[in-house]
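Written below as structure tokens is the structure these notes are about.
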Amino acid sequence: MERDLKQLISQMTLEEKAGMCSGQDFWHLKTVERLGIPKVMVSDGPHGLRKQDGDADHLGINQSIQAVCFPAACATASSWDTEMLEQMGKTLGEECQAENLSVLLGPAANIKRSPLCGRNFEYFSEDPYLTGKMAAAEIKGVQSWDIGTSMKHYAVNNQEYNRMSCSSNLSDRALREIYLTGFEIAVKEARPKTIMCSYNKINGTYASENKYLLTDILRDEWGFEGYVMTDWGAVSDRAEGIRAGLDLEMPGSNGVNDAKIVEAVKNGSLDEALLDKAVENILKVIFSYIDHRRPEAKFDRDADHEKAINYAAECAVLLENNGLLPLKQGQKAAYIGEYAVKPRFQGGGSSHINCSKVTSAWESAQAKGRPVTYTKGFPADRDELDPQELAAAVASAKEADVAVIFAGLPDVIESEGYDRKNMAMPACQNKVIEEVLKVQPNTVVVLHNGSPVETPWADKAAAVLEMYLGGQGVGEACDRLLYGEANPCGRLAESFPYRVQDNPSYLNFPGDGKDVNYQEDIFVGYRYYEAKELPVRWAFGHGLSYTSFAYGNLRLSSGKMGDGDSVTVSVDVTNTGTVPGKEVVQLYVADKNGTPQRPVKELKGFVKLALQPGETKTAELTIDARALSYYHEGLGDWYAPSGNYEVLVGHASDDIRQAGTVAFTTAKELPFSITGATTMGELMSHPKTAPVINGILAKMAENGLSSSEEDDPLGTGGEMMKVMIQGTPIKSLAGFTGGAVKAEELIAELNRRLEK
Ligand code: BGC
């Protein structure tokens, strides 16, 4: 049904319009009964429904309805499987329809700047491209059920410390390349119906009143057409918010801020047309839900629990394996660690789900009659070592054929609202792992955590299986992976540094409470570790399998590319092992033109292939000019210099198997304005100024200032002189030419040539 919203808005009073721009309570938008505007509900998000029928809160404290907890984004991103995430989104969308929720508050697309951010478990990756693709997949799935999503927290909210007031200070380049690209991809590809702005300031301006972010970029550049809502309580100056492009305040201020909107319109400081636009944005999304109710939708908790198990199995990352995994039938296994019976599978805060059911690895092993013993070893919820429990764990490990230690981070360590203090595992767990390893070399460590941990024992363990926060089906998924009923196929969506001190944000995280300066700029995650040649424990994209894959025959649809072109990269991948498996084919691009300040390489494509033993499939990935580009602040646009770009395809960022080269030509010109500080080198490399400069240099050579070999006491082949001339600014030429060159005249002449 096409509704005439403008007509509807024309019938609303100023007070009704202002009221429409804030929530009625914690989870509902307002109704205007006389005009048939219904009350709709929104709810967290992002990996399950946290629908609160009773007491409401935004930190997951009070009870919500029983729902299904799917793997958190730290896990789903590790699947690198957009189809799976779209399916998960569809399941969530159907659940929302069945529960009468108009908008699911997620996904969360913030970048993992530091492993210490308390909320990393809810975020996808340190890489913006992977983040964008995964967010887009979830949005497409949820919205296919005519439910809205609210991609959050827009933007540059990468820590919990003082998240409600701190200013994230960064360059425009880092903002665009690292912190916005994920949002940009998802907005353009999946058209989320709503966006949630973050609490923090960006370069001094609150996200909730940041016109650059909310209007200039989000709507004007990316074409966003839905409504922007605040994070819960993120309003600062309400009228300024409307001017900047913020539509809906949540949860609502009991009329206080609505009155400020009314007053601003009345005193002329707020254009009523902007208010009308905000109301239209909100009504459009409300009615897109109301007019598309889907009575066939069901919330089948048992069926969705099964899906949660399957998804968790697709997300797990096998970090180490000396061949011990998969475990053999009949092998006596000692399960150690309380997470074996009480798995940790979700983080704290607003995403916290009241689960319909949870399966532990221990229950699954029991149900399948596996020869397994269980010893607690250490508690799931605190760092406390009981010497008797340690001794019992060591004894059980000694008696068994293999030990499986279920380790991880206690609930209190990872939550919304605060950051982690360090990257360590609880000392009691490290101690149990070390002692067990002394008596049982066949030891597997299973990890349950939402962000990287330091693993000082990793070289000694026979295998390490990262389950992340895998949702309520994590135990059964883990059982299937340990015993080879499923083959691990996740890949890390983030680097695991050896130590937190290695992380590029280490010296500037979390700031002084008022400001946090993103000094590492674009060098986040693997972009930094690779540029510094700093070894990491496990690299971005890493993940093992019970089979092996061979790559071959990389071809490019063309070796040349211009601004509007794209090139298809094809590569053949074969399963060379004996069991079915899935390979994530990863494509990275490297600028080979000596451009300053570029990462060694950047992820620009990926695809997950399912392969039977012996089977070969061709992966096809496409790159365009944007994939080669960086954000040029002077140009205010994306830019790739003409030249060669390497296309690198492989199994992980540190395991590239095939390479090709594309020659790129751009018609874009960088802004060039000449001043006294402009150097000879810059002038010599620009076609319009090079002839003038070459003429001057020829004269200088005649007058004795030469770069010839005779005049080369250090024997550098004239190189030294060339380099010195290249670095000489116009303002210093007068001195070198005995006054023959007049700087002001030359600058004027060169600028004239540039304009021609
Ligand atoms: C969180 C959001 C959440 C909202 C509502 C806020 O504290 O930052 O992610 O959607 O609460 O619960």
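The values are calculated or read from the model by the stated rules, or taken from the named source; none is laboratory data. Because the structure is predicted, anything quoted here is derived from the model rather than measured. Note that we place each Cβ from the backbone using ideal geometry, even for glycine, and neighbour counts take in every protein chain shown. Calculation scope for accessible area: heavy atoms of the full protein, side chains included, ligands and nucleic acids excluded. Shrake-Rupley method; radii C 1.70, N 1.55, O 1.52, S 1.80 Å.
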> Using heavy-atom solvent-accessible surface (probe 1.4 Å) with all chains present, what is the largest-first order of 114, 144?
Replying inline: 144, 114
>> Taking 25 Å as R0, compute the FRET efficiency from the Cβ-Cβ separation of residue 266 and residue 11 and round it to 0.05.
In response: 0.80
> Ignoring ligands, DNA and RNA, how do 378, 523 rank by accessible area with a 1.4 Å probe, largest first?
Replying inline: 523, 378
> Using the Kyte-Doolittle scale, which helices in the chain average at least -1.0 and also have C-alpha atoms spread 24 Å or more along the helix axis, with helices defined as whole DSSP H runs?
Replying inline: 82-99, 272-290
> So for the pair residue 225, residue 570, with labels modelled 7 Å out along Cα→Cβ, what separation do we get in nm?
Replying inline: 3.6
> Can you list residues whose amide H is under 5 Å from residue 661's amide H, if they're 5+ apart or on another chain and H is modeled 1.01 Å from N?
Replying inline: 647
>> In the range 533-569, whose amide N lies under 11 Å from the spot 7 Å out along Cα-to-Cβ of residue 663? List them in ranges.
In response: 559-561
>> I want to check the label-to-label distance for residue 367 and residue 381. Put each point 7 Å from Cα in the C-beta direction and report it in nm to one decimal.
In response: 2.5
>> Can you compute the charge dipole magnitude of the range 306-461 about its Cα centre, using +1 on each Lys and Arg Cβ and -1 on each Asp and Glu Cβ, nothing else charged? Give it in debye, rounded to the nearest 20.
In response: 460
>> Is there a quick way to get the dipole size of the chain? I mean about its Cα centre, with the Cβ of Lys and Arg at +1 and of Asp and Glu at -1; what is the value in debye to the nearest 20?
In response: 540
>> Rounded to the nearest 5, what % of DSSP beta bridges with both residues in the chain are antiparallel?
In response: 55
> How big is the accessible area of residue 637 in square angstrom, nearest 10, if you roll a 1.4 angstrom probe over the protein chains?
Replying inline: 60
> Which FRET efficiency value, to the nearest 0.05, do you get for residue 615 and residue 341 by plugging their Cβ-Cβ distance into 1/(1 + (r/R0)^6) with R0 = 51 Å?
Replying inline: 0.85
> If the chain between residue 745 and residue 431 were fully stretched, how many nm would it gain, using 0.36 nm times the residue separation less the Cα-Cα distance?
Replying inline: 105.6 nm
>> For the full complex of protein chains and a 1.4 angstrom probe, list 352, 651 by accessible area with the highest value first.
In response: 352, 651
> Which whole-angstrom value gives the distance between the alpha carbon centres of the range 322-365 and the range 566-603?
Replying inline: 33
> If you put +1 on each Lys and Arg Cβ and -1 on each Asp and Glu Cβ, how big is the dipole of the range 549-665 around its Cα centre, in Debye rounded to 20?
Replying inline: 200
>> Can you show me the helix-derived [θ] at 222 nm for the chain, built from DSSP H runs with n ≥ 4 at -39,500 (n - 2.57) apiece and divided by the number of residues, rounded to the nearest 500.
In response: -8500 deg cm²/dmol
> According to a simple spin-label model (label point 7 Å from Cα along Cα-to-Cβ), what is the distance in nm between residue 626 and residue 755?
Replying inline: 3.6
> Which three extents, in whole angstrom, do the alpha-carbon atoms of the chain cover along their principal axes, largest first?
Replying inline: 93, 73, 48
> Given the protein chains as shown and a 1.4 Å probe, how many square angstrom of residue 752 are accessible, to the nearest 10?
Replying inline: 130
> Considering only protein heavy atoms, what is the solvent-accessible area of residue 736 at a probe of 1.4 Å, reported in Å² to the nearest 10?
Replying inline: 120
